[in-house]
1. Viscosity 1.002 mPa s, temperature 20 °C: give me the Stokes-Einstein translational D for segment 170-324 in µm²/s, with Rh taken as the Kirkwood radius over C-alpha pairs.
2. Using per-residue counts of other Cβ atoms within 10 Å, averaged over each peptide, order 239-246, 276-283 from highest down.
3. Considering only DSSP beta bridges with both partners in segment 3-130, what is the antiparallel share in %, to the nearest 5?
4. What ratio of Cα Rg to 2.2 N^0.38 Å holds for segment 334-389?
5. For 171, 402, which order do you get if you count the other beta carbons within 10 Å of each Cβ and list the fewest first?
6. What per residue convex hull volume, in Å³, do the alpha-carbon atoms of segment 212-273 yield?
7. What length, rounded to one decimal in nm, is gained on full extension from residue 179 through to residue 236, with 0.36 nm per residue of separation minus their alpha-carbon distance?
8. As I understand it, the value is the acute angle between the Cα axis of helix 329-338 and the longest principal axis of the Cα atoms of the chain; what does it come to in degrees, rounded to 10?
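Every number in this text was worked out from the coordinates using simple rules, so none of it is lab data. Values in this document were obtained by computation on a predicted structure and should not be read as measured data. Here the Cβ is made from the backbone with ideal geometry for all residues, glycine too, and neighbour counts use every protein chain on show.
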């Protein structure tokens, strides 16, 4: 039967129920037990013959004369037994006429085991809690159309227990992140999502407009500049789990709306932060799996400390044969062309080298590696290395082919910061829409004095993908951004 016809039939059932004085969408339920609790305490409840009330969605139903068996699901599943002799003729007929697979119902009765040892609740009464108007798909489980799974995540969660488990793991990882940073004396804070200047990251922002103040605002690309203002204000260790927005392309590693944890600690540098990051990665693995190694695809990722450290220049040299400090921009342009990397006139040698690194090296970094000491052009918010001022004290943690973190020894020299912002503005004037803007209020904050500090941004979505053996961010985002059909 066509879906429209099924929907029309179900709507008619709603009308018929209301004519009989039956509410197809009652406001609450009298559930006494979750199905998981009923199963855990099944023997005692069954022996006592005590009435309990369970609720959930009907996932399957089969009739045998004066009896109906059904599968009741609330995330766990138990069999329901509707017996005409027990609930009465009229109630039984109403069930047959009005209740369908996909509906939410409440069953009040006692627990027993069938001759096949199946745990069952025999209903003395029932209440329809929510009448579904569209049928559940018959062949959703194992669906290979991943686009359809992402668009209708509610069905994906309903039919695929492993998908639900993956998201439960995501929420567990978020709890562990909070636990770790709080144990290390960081306090959780909140900073603005709507910002007058989109700062803290090299990215193209989303723009909006506030009618009351008659001003343009931007969805934040990062919370960094506001968090560092808090260091100026006297907080020593802060972190935020922030929803960020970047108007960029989508692939397995990128979604325009994403979660990031950013943390800042006064009186420390990026060497201290690398050790803290190692502790974090091992802590999460131990809490989730009880060991310091995890499976990712066909690989076993070993998280034993200390993680390998290698300079950005040495990585580029190892995987491309180029020397960033010696070879000029033309050499990098030629290499990028050989690798079919798209470049444009706004890209500097550093930008091109970074694209070569992303294509040639990053996918091959499975065990954890700290890539350190990047070119200054890539890091406008980072302190220079004292004896190598063309590079900065920055690290990225690469694991499983993902860039999980971006971290610095933070630049707290307001004069140097102004020069860096001016350089970024020059790049923007040449057409680089991702270049950072000069934030005068942030400069003013630095001029009041910010202590030496280090900071890190952790891509939560990528972190979850790694620890759940997921190979696209869409697999661990409940509702990923999708193109309109």
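1. Details: Rh = 18.3 Å.
Estimated via Stokes-Einstein, D reaches 117 µm²/s.
2. Working: 239-246: 20.6, 276-283: 18.9.
Ranking the peptides 239-246, 276-283 by packing returns 239-246, 276-283.
3. Numbers: 30 of 34 bridges.
Here the antiparallel bridges make up roughly 90 percent for segment 3-130.
4. Values: Rg = 13.1 Å, N = 56, 2.2 N^0.38 = 10.2 Å.
Dividing the Cα radius of gyration by 2.2 N^0.38 Å gives 1.29.
5. Working: 171 10, 402 22.
Result, fewest neighbours first: 171, 402.
6. Values: hull volume 8.0 nm³, N = 62.
Convex hull volume per residue, Cα atoms: 129 Å³.
7. On the way: separation 57, 0.36 × 57 = 20.52 nm, distance 1.78 nm.
Result for the pair: 18.7 nm of gain on full extension.
8. With rounding to tens, the tilt is 30 degrees.
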